[in-house]
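The values are calculated or read from the model by the stated rules, or taken from the named source; none is laboratory data. As the structure is a prediction and not an experimental result, all values here were calculated from the model. Cβ placement follows ideal geometry from the backbone for every residue including glycine, while neighbour counts extend to all protein chains displayed.
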Amino acid sequence: MNISETPALTEAELKLLQTLVYQECGMHFDDRRTPFLQDRLQRRLKECQLDSFYSYYRLLISQQGKQELSRLLENLTVNETSFFRNKAQLDLFCHIANGEAEKAAAIRKFYDEYLAVMDLPAEFYLQTVESVFQKHDLPLGKLEWRGRRIDPRAIRRTALFTVEGERDDICAVGQTLAAHELCTGLRPYLKRHHVQTGVGHYGVFNGRRWSNFIYPMLRSVVYSSD
């Protein structure tokens, strides 16, 4: 088969690719982005001289394919902005274009609250991204505060309660759970983890599911640890 004639992604192949990308970089490309994924996949197949999705996928998940996985993610994320990571933003523009003022107003109200935060200095933000998400200083034992190395194993008496959102496209499922493995000094009964279904990053600490599900659990953890 000619590489340039690789057929369109099947539903199963698309799901595999979406899941892999989400696990590796926390970005969710929904079905509307299928043509974009297909285009980037064709480029990488041609570059690697492979003629099928599954042969390429096997390469990506292999030990030898780490470099190629990095190239694919770079191809997918270059020029990509948070606009494509948040469905509500696109919905807002669609409602405005379709003259659906009431639906647009509801989303605007949400963003008025969502964006009402204090600005962080750029230096602090970039340092956090580099140290925590790119260099992984904390799990590698390299993160320091005022010259002193931070060691999560030293935590022994406090409770640890971690929460993740099923649809979180900023901090993917599993990142918060990793804290349990780092805090080896805590006994199991002091650790608790919860994955909240149906919420993204913001919904973990705001809205109906926060009030009805997450906050009661947090309150219980605090009271039981007092």
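Just a few scattered comments:
- Check on G174, touching a residue at least 40 places away in the same chain (Cβ under 8 Å) and touching a helix residue (DSSP H, G or I) at 6+ places or on another chain (Cβ under 9 Å): yes
- Total residues in segment 141-169, condition among the polar types (S, T, N, Q) and assigned to a loop (DSSP other than H, G, I, E, B): 1
- Any hit, segment 158-167, residues being of a type in the set (S, T, Y) and surrounded by 15 or more Cβ atoms within 10 Å (Cβ to Cβ): yes
- Some residue of segment 136-146 being out of contact with any His (no Cβ under 6 Å at 6 or more places or on another chain), among the hydrophobic types (A, V, I, L, M, F, W, C) and surrounded by 15 or more Cβ atoms within 10 Å (Cβ to Cβ): yes
- Restricted to segment 2-25, and to residues there that are at pLDDT below 75 and closer than 18 Å to R71 by Cβ, the residue that is surrounded by the fewest Cβ atoms within 10 Å (Cβ to Cβ) is I3.
- A residue that is surrounded by 14 or more Cβ atoms within 10 Å (Cβ to Cβ), at pLDDT below 90 and among the polar types (S, T, N, Q) cannot be found anywhere in segment 116-128.
- In segment 54-78, the residues that are touching a residue at least 12 places away in the same chain (Cβ under 8 Å) form Cβ pairs under 8 Å with partners that are surrounded by 15 or more Cβ atoms within 10 Å (Cβ to Cβ) and among the acidic types (D, E), at six or more places apart or across chains, as follows: Y54/E13; Y57/E13; L60/E68; L69/E24; L73/E24.
- Single residue of segment 188-214 satisfying the filter (outside any loop (DSSP other than H, G, I, E, B) and surrounded by fewer than 14 Cβ atoms within 10 Å (Cβ to Cβ)) that is nearest to the chain's Cα centre (by Cα): H193
- Selection of first residues in segment 22-50 that are part of a helix (DSSP H, G or I) and of second residues that are surrounded by fewer than 18 Cβ atoms within 10 Å (Cβ to Cβ) and among the β-branched types (V, I, T), restricted to Cβ pairs under 6 Å at least 6 apart or on distinct chains, gives the following pairs, ordered by first then second residue: L45/I3; K46/I3.
- Test: residue in segment 215-225 that is within 15 Å of V173 (Cβ to Cβ) and loosely packed, with under 15 Cβ neighbours inside 10 Å: no
- Some residue of segment 163-176 being over 21 Å from Y22 (Cα atoms) and under 23 Å from the mean Cα position of the chain (by Cα): no
- Single residue of Y215, Y189 found to be under 30 Å from I107 (Cβ atoms), of a type in the set (F, W, Y) and outside the structural domain of M27 (by TED's automatic domain parsing): Y215
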